[in-house]
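Step one of this worksheet: look at the structure below.
The values are calculated or read from the model by the stated rules, or taken from the named source; none is laboratory data. Since this is a predicted model, take the numbers as computed values, not measurements. A quick note on method: Cβ atoms are made from the backbone with ideal geometry, for glycine too, and the neighbour counts reach across all protein chains shown.
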Amino acid sequence: MGDTVKILLINPEFPDTYWSFRHALPFLGKRAAYPPLGLLTISAMLPESWERRLVDLNVRQLKSSDIEWADMVFATAMIVQKESLLQVIRQCKARGKRVVIGGPYVTTSLESFPDADHIFFGEAEATLPQFIEDLERGEAKPVYKAAERPQLTLTPVPDFRLAELKRYSAMSVQYSRGCPFQCEFCDIIEIYGRIPRTKTNEQMLAELDALREVGWRGTVFIVDDNFIGNKRNVRQLLPALAEWQERHNHPFDLLTEASLNLAEDDDLLDNMRRAGFRRVFLGIETPVEESLLEAQKKQNMHGSMLDAVHKLQSYGMEVMGGFIVGFDNDPEDIFERQVNFIRESAIPLAMVGLLTALPDTQLWRRLKREGRLLAESSGENTNCALNFVPKMDAERLIAGYQSIMRTIYSSGEYYSRVLECLKRVPKDGPAPHQYNVISGFMALMRMALKLGILDKERKEFWRFFHRAATEHREKFAESMRLAAMGYHFRKLAESYD
């Protein structure tokens, strides 16, 4: 190929899920939660002379002119983006374009992709440079498979300038890949391994510098599946991260995912507070010990999970939680027990899903041996589609799951949890970045119209609004963000009716 190659990077569309926040984002004037970090990283690995263009289908449509412009199309996907990915491949091949695909879904898929010209399995740091060399010689192969998991010191600073930043509510960076635990249902350990690999402190600060230089201020999501998977390295990172934030007047509020054993480490928590961590997502899964044992989630059995959540909240972090129903050992009253735990823990944003067997996980292999697999997972655990035969009656399981969602996201129940969370989470960390007054005012006006006038639950909204304004004035912006999120989850729950 010539010196100038035009690359179109396409991020397929996400369906309406917990993480899409689709019903909440319009209040903020945003189209999607996060840009496609994988594609921004791939872009940074391409030769400088190549032109590139990003189309994220979650923020804008793919135009014929985009496809015509390109010499080659790169696309990636998670399993929930499967249908959109297949459509992208068909569209681009119909116009005679060379299509390159990779990512988590492609790596773990049980399907073949005959229409794609080049398929990447595994992480691209080791294989993309070889592909570029082969391409220049006219000898590009149809399949590239990573022989090993690469060190993240090979990963460049993502090409943040490629993204339409104003369309997103948060930016994302990655510090590590892999997790030391062995949860039966999890595909992360199958894709990225059980020995967490991390970037250096210098790499992470360079990425934050890059985000700051492109003008980003606000939330940054450290997307690691378990931020504290490599505790030794995290302990070295956090002081540097805190010092960077202090030096730059705290431009970012940080959000991440971690295992529950984070609550056992006071020094780590103190350093996270100093570094500006405002939210953390925990894989809690279930209050039933027998089900935790079944899922090989022993790290959640070291003490009271409720106490662990409250401890994290006391360090200034709003806790989000993942919960699952459908384990073989779930008792008949699992639905009430899940609701009670969510209520008592004061977790506003509880991601409750049906157990799903993801391809080639330990759970998948066990259910296959037991003859209980029904289909490949859609990757969407809130759409009430089971891909295996549960021990509990399937209709009862689905009805019980829907009852959890309707209960915890009914307006009165949800707003009560938010107010309790605001009370539990002190505002005693470093001062966060300054919110844009105009955009904040516009968001409030949109919410007043939608939730305060047009919505059937408007009385509950105004009751909450009054209490948030009088009891939690210093956290009012947070209370309104959570009100918007609650609307998103209520719409998901109402879709079951």
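Results, tabulated for the structure shown:
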| read-out | value |
| --- | --- |
| Filter result for GLU190 (out of contact with any strand residue (DSSP E or B) (no Cβ under 7 Å at 6 or more places or on another chain), surrounded by fewer than 20 Cβ atoms within 10 Å (Cβ to Cβ), among the acidic types (Asp, Glu) and within 17 Å of ASP224 (Cα to Cα)) | yes |
| Qualifying residues in segment 269-299 (those that are over 15 Å from GLN338 (Cα atoms) and of a type in the set (S, T, N, Q)) - the one surrounded by the fewest Cβ atoms within 10 Å (Cβ to Cβ) | GLN296 |
| Odd one out for ARG467, checked against (1) over 26 Å from the mean Cα position of the chain (by Cα); (2) assigned to a helix (DSSP H, G or I); (3) under 30 Å from ASN381 (Cα atoms) | (3) |
| Qualifying residue in segment 364-371 (condition: under 24 Å from HIS488 (Cβ atoms) and touching a residue at least 24 places away in the same chain (Cβ under 8 Å)) | no |
| ILE438 among the aliphatic types (A, V, I, L, M), farther than 22 Å from ASN340 by Cα, part of a helix (DSSP H, G or I) and at pLDDT below 95 | yes |
| Selection from segment 359-395 of residues that are at pLDDT below 95 and under 23 Å from ILE191 (Cβ atoms) | PRO359, ASP360, ALA375, GLU376, SER377, SER378, GLY379, GLU380, ASN381, THR382, ASN383, ALA385 |
| Selected residue (criterion: surrounded by the most Cβ atoms within 10 Å (Cβ to Cβ)) from residues of segment 220-235 that are assigned to a loop (DSSP other than H, G, I, E, B), hydrophobic (A, V, I, L, M, F, W, C) and without any contact (Cβ under 8 Å) to a residue 60 or more places away in the chain | PHE227 |
| Which numbered condition ASN381 fails, given (1) assigned to a loop (DSSP other than H, G, I, E, B); (2) in contact (Cβ under 8 Å) with a residue 60 or more places away in the chain | (2) |
| Residue among GLU246, GLU257, GLU207, GLU202 that is within 19 Å of the chain's Cα centre (by Cα) and in a helix (DSSP H, G or I) | GLU207 |
| Selection from segment 445-464 of residues that are within 28 Å of the chain's Cα centre (by Cα) and crowded, with 19+ Cβ neighbours inside 10 Å | MET447, LEU451, PHE461, PHE464 |
| Failed condition for LEU40, given (1) under 21 Å from ALA140 (Cβ atoms); (2) buried (at least 19 other Cβ atoms within 10 Å of the Cβ) | (1) |
